[in-house]
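Engineer: This structure is in structure tokens; I'll ask about it shortly.
The values are calculated or read from the model by the stated rules, or taken from the named source; none is laboratory data. Please read these numbers as outputs of a predicted model, since none were measured by experiment. As a convention, Cβ positions derive from the backbone with ideal geometry for all residues, glycine included, and neighbour counts pool all protein chains shown. The accessibility values were calculated without ligands, DNA or RNA, using every heavy atom of the protein model including side chains. Shrake-Rupley method; radii C 1.70, N 1.55, O 1.52, S 1.80 Å.
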Amino acid sequence: MSVDANKIYAVIRERLRAQRESLDMTQVKLAELAQVQRTTIANIESGRQNIPVHVVYNLCDALGMDVDEVFPKREDVLSVQKTSVEVHGETRLLPPRTAEVMRRLLEQ
């Protein structure tokens, strides 16, 4: 299993955006406080730009957050490959080990 980078960035940007909005802070004000361009904030929030780690720290500081509030837990961003298994005429996508066990059970 590996982590899904897209999930990581999606969680981070959503948590930062939600905090900014809860503080009724504009992108312009956040950019000023974090010492980045407003377009950087817009690009991060829209998913057009992945956020560098040092910018996460600056944004958290500007938003009054700890970085541990922003980064997702590993288990929340694991990428598990799925394998299709035919179960009673229905195709199901299962993690590889589960699929293997399911196939063995269905053969009995």
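Engineer: Return a whole-number percent for the relative contact order of the stretch 23-80, with Cα pairs under 8 Å and 6 or more residues apart as the contact set.
Structural biologist: The normalised contact order for the stretch 23-80 reaches 26 percent.
Engineer: Along the charge dipole of the chain, pointing to its positive end and built from +1/-1 on Cβ of Lys, Arg, Asp and Glu, which listed residue (THR83, LEU59, SER22) has its Cα farthest out?
Structural biologist: Positive-most Cα among the choices belongs to THR83.
Engineer: Determine the share of the chain's accessible area contributed by carbon and sulfur atoms, expressed in whole percent, with a 1.4 angstrom probe.
Structural biologist: Its accessible area is 47 percent carbon and sulfur atoms.
Engineer: Once a ≥ b ≥ c are taken as the square roots of the eigenvalues of the Cα gyration tensor of the chain, is the result rounded (a/c under 1.5), prolate (a/b larger than b/c) or oblate (a/b not larger than b/c)?
Structural biologist: prolate
Engineer: Under 19 Å from the Cα of LYS82, which lysines turn up, not counting those fewer than eight places away in the same chain?
Structural biologist: LYS7
Engineer: Still on this model: What does the accessible area per residue of the chain come to in Å², with a 1.4 Å probe and no ligands, DNA or RNA counted?
Structural biologist: Numbers: 7490 Å² over 108 residues.
Heavy-atom accessible area per residue stands at 69 Å².
Engineer: Right, something else. Calculate the dipole size of the chain relative to its Cα centre from +1 charges on Lys and Arg beta carbons and -1 charges on Asp and Glu beta carbons; express the result in debye to the nearest 20.
Structural biologist: In debye, rounded to 20, the chain gives about 280.
Engineer: Additional query: Helix-only estimate, please: 222 nm mean residue ellipticity of the chain, summing -39500 (n - 2.57) across DSSP H runs of length 4 or more and dividing by its residues, to the nearest 500. Before the final figure, lay out each step's value.
Structural biologist: Details: 5 runs with 58 residues, N = 108.
Per the formula, -16500 deg cm²/dmol.
Engineer: Hey, can you rank 82-94, 27-39 by average C-beta count inside 10 Å, highest first?
Structural biologist: Put in order of decreasing packing, that is 27-39, 82-94.
Engineer: Please give the length that would be gained between GLN49 and ARG92 if that part of the chain were fully extended, namely 0.36 nm times their separation in residues minus their C-alpha to C-alpha distance (nm, one decimal).
Structural biologist: 12.1 nm
Engineer: Now for a different question. Would you please give the residues with an amide H less than 5 Å from that of THR83, counting only those at least 5 places away or on a separate chain, with H modeled from the backbone geometry?
Structural biologist: Under 5 Å from the amide H of THR83: LEU94.
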